[in-house]
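Here is the structure we will look at.
The values are calculated or read from the model by the stated rules, or taken from the named source; none is laboratory data. All values derive from a computational prediction rather than experimental measurement. Just the protein is used for accessible areas: all its heavy atoms, side chains included, with ligands, DNA and RNA removed. Shrake-Rupley method; radii C 1.70, N 1.55, O 1.52, S 1.80 Å.
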Amino acid sequence: MNSLMRLSAGAAGGGGGSLLIMLLVYGAFFLVLYLIFFRPQNKKKKKEAEMRKNAQVGDEITTIGGICGRIVAVKDENDSVIIETGSDKSRMRIKRWAIGSVDTIHEEDAT
């Protein structure tokens, strides 16, 4: 009976080191997940938000719906832009969040 108690006490005492190793492995796992998935996605979101904020009159844009046009006015009060599309110069108002890409290259961006 004494040997059985010593075995169970030894097993309980040795678990502290393995718990620390397990926590380190989980911590390393979550760090790798952050570096591979979440950090690049946050950088991309910030870059897209900056691109949408810097869109100005005269820029050629493509919306997330695939509509191509040129910005002719910026409405800051409701965070939208007015674009001109097609050969008939039809105009439409879109929200800034709907800008998919700005196709105009500016001089300060090229440097």
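Can you tell me which residues in region 76-110 are open to solvent by 80 Å² or more (accessible area, probe 1.4 Å) and among the hydroxyl-bearing types (S, T, Y)?
S87
Find the helices (runs of 4 or more DSSP H) located wholly in region 1-86 whose residues include 1 or more that are of a type in the set (S, T, N, Q) and modelled with pLDDT of 90 or more, and list them.
In region 1-86, 15-33, 39-53 are the helices (runs of 4 or more DSSP H) which contain 1 or more residues that are of a type in the set (S, T, N, Q) and modelled with pLDDT of 90 or more.
Would you mind finding the one in Y26, Y34 that is on the phi < 0 side of the Ramachandran plot and under 22 Å from the mean Cα position of the chain (by Cα)?
The match here is Y34.
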